[in-house]
1. Has segment A:202-218 got at least one residue that is under 30 Å from B:Val186 (Cβ atoms), among the small types (Gly, Ala, Ser), surrounded by 18 or more Cβ atoms within 10 Å (Cβ to Cβ) and touching a Ser or Thr at 6+ places or on another chain (Cβ under 8 Å)?
2. Give me the residue from segment A:186-205 that is away from every other protein chain (no Cβ under 13 Å), modelled with pLDDT under 95 and on the phi < 0 side of the Ramachandran plot and, out of that set, nearest to the chain's Cα centre (by Cα).
3. Would you mind telling me which numbered condition in (1) within 14 Å of chain A (Cβ to nearest Cβ); (2) surrounded by 15 or more Cβ atoms within 10 Å (Cβ to Cβ) B:Tyr164 fails?
4. When both residues are 6+ apart or on different chains and their Cβ atoms are under 8 Å apart, which pairs have a first residue that lies in segment A:187-216 and is touching a residue at least 24 places away in the same chain (Cβ under 8 Å), and a second that is of a type in the set (Lys, Arg) and assigned to a helix (DSSP H, G or I)?
5. When only residues in segment A:88-122 that are small (Gly, Ala, Ser) and away from chain B (no Cβ under 14 Å) count, which is nearest to the chain's Cα centre (by Cα)?
6. Among (1) in contact with a Gly (Cβ under 8 Å, 6 or more places away or on another chain); (2) at positive phi, where does B:His141 come up short?
7. Just to check your reading of the model, which residue among A:Leu236, A:Leu248, A:Leu183 is at the interface with another protein chain (Cβ under 8 Å from one of its Cβ atoms), free of Cβ contacts under 8 Å to residues at least 12 places away in the same chain and crowded, with 18+ Cβ neighbours inside 10 Å?
8. Test each condition in (1) in contact (Cβ under 8 Å) with a residue 40 or more places away in the chain; (2) within 29 Å of A:Glu8 (Cα to Cα); (3) surrounded by 13 or more Cβ atoms within 10 Å (Cβ to Cβ) for A:Ala133 and report the one that comes out false.
Protein chains: 2
Amino acid sequence: MQRYFLEEAYQPNTRFELSGEAFHHIVRVMRMAPKDQVYLAFNDQVSIRAEITEISEDTVYLSELEKEKSQKELPNNITIASGYPKGDKLDWIVQKGTELGAHGFIGFPAKTSIVKWDAKKRNKRQERLNKIAQEAAEQSHRQIAPQVELLESQQALFDRLSAYDVLLIAYEESAKQGELANLAKVFQELTDGSRILAIFGPEGGLAPEEVEAFVEKGGILCGLGPRILRTETAPLYLLSAASYQWELTH
Amino acid sequence: MQRYFLEEAYQPNTRFELSGEAFHHIVRVMRMAPKDQVYLAFNDQVSIRAEITEISEDTVYLSELEKEKSQKELPNNITIASGYPKGDKLDWIVQKGTELGAHGFIGFPAKTSIVKWDAKKRNKRQERLNKIAQEAAEQSHRQIAPQVELLESQQALFDRLSAYDVLLIAYEESAKQGELANLAKVFQELTDGSRILAIFGPEGGLAPEEVEAFVEKGGILCGLGPRILRTETAPLYLLSAASYQWELTH
């Protein structure tokens, strides 16, 4: 069943309205009619199954049938921060990371990042990535659509650190030195509702001075197993491990 | 450091020899010289650090410096069996799955698979996928290079089932019905050295009669969390979860 994301919190209502892009998709692309059903996902993680009651020239009207029962969001919010990688790797990280439950994505220029984007390019790219996140969220039945933010400077990332409860640094050298317990320790000890920022380097990795700066801000160095993961694979490992720990083990 | 895979078991030796493609890569591509070092990975999971002692017209001679100490292979062998997906998704599954520690890959025609390959196309494709696996194994510092096998029929897959100790079926419907414990239960109870076959459907999923046939052969249905994962993402989840369980938790 199709799923549409609304930029508003859920409020009990006798009828809901969709216009703009969602209207276009329902009426022109999916050619739905009254009695057809869709999911409406609100921005406070509430989602409902709704039935179309009426279609006007520019609005679809729906009525709530029931709340969606199962919880599809991870119990803790994980934001993936990626040092700008090459090519379309960020597309992959956002698409797959959304399927795997990431709460949001941040791109930032790491010391070894090669790509340089001006503000215009960055905005365009951000728009495209948000669209990828939204489509992946619909396809994977998420209850929220993750937001993607592309930062201009590393300082902008540092300015955001205080918004998180836990700061994880995926560091290849940790794995090489045999550090294989920090991630599990953090995941097992967290209280539900925590906000985690997980930082990943680009292809060339994080520079030692970057790692040091993050550690000074309270960052915890984590190995992700003994194999060397590419920059676009490491976030998927971390998200899968989080789901396994929080959703599959008891 | 470069890593070369040898199709032979390790035997203590005063000198090792590389010819053919590895010779070409060392001499022509990497332009290495005596005293340079590489890893040699044998097909019994032993790997050594070796130094080049001499380069002849068609052979590189090396001497062993030391065994590679850290264990980089998962303690249990996981083979990923994918119902043939569309496009180049199998490339991705093999590349990322190799980074994440898969022991081998099998492609098979599932009921909802759309691609149809004749023997020639299949062989060509298999060769290409084995090359992808080898390159990913080198890059991620694996101690083995996974083998990829593309099967002609589903029967050929059934004929292979007895080679495995555990048969896991990733089944979306399990997740929808709230089954969220089987995978962790299996992973936690396994004895090291087990051989696992994990079966994944193509985009259209496994048909109910396929699932039934695998279950009759002892297959265990597993959900991979409450979100719907694409066919190329699900194996990466399973492999990451295995690494987390076996390599990161204690």
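1. No, segment A:202-218 contains no residue that is under 30 Å from B:Val186 (Cβ atoms), among the small types (Gly, Ala, Ser), surrounded by 18 or more Cβ atoms within 10 Å (Cβ to Cβ) and touching a Ser or Thr at 6+ places or on another chain (Cβ under 8 Å).
2. A:Asp192
3. Condition (1) is where B:Tyr164 drops out.
4. Here the result reads A:Leu197/A:Arg160, each pair linking segment A:187-216 to a residue that is of a type in the set (Lys, Arg) and assigned to a helix (DSSP H, G or I).
5. It comes out as A:Gly104.
6. That leaves (1) as the condition not met.
7. From the options A:Leu236, A:Leu248, A:Leu183, the qualifying one is A:Leu248.
8. Against the list (1) in contact (Cβ under 8 Å) with a residue 40 or more places away in the chain; (2) within 29 Å of A:Glu8 (Cα to Cα); (3) surrounded by 13 or more Cβ atoms within 10 Å (Cβ to Cβ), A:Ala133 comes up short only on (1).
The values are calculated or read from the model by the stated rules, or taken from the named source; none is laboratory data. Source: prediction; values computed, not measured. A quick note on method: Cβ atoms are made from the backbone with ideal geometry, for glycine too, and the neighbour counts reach across all protein chains shown.
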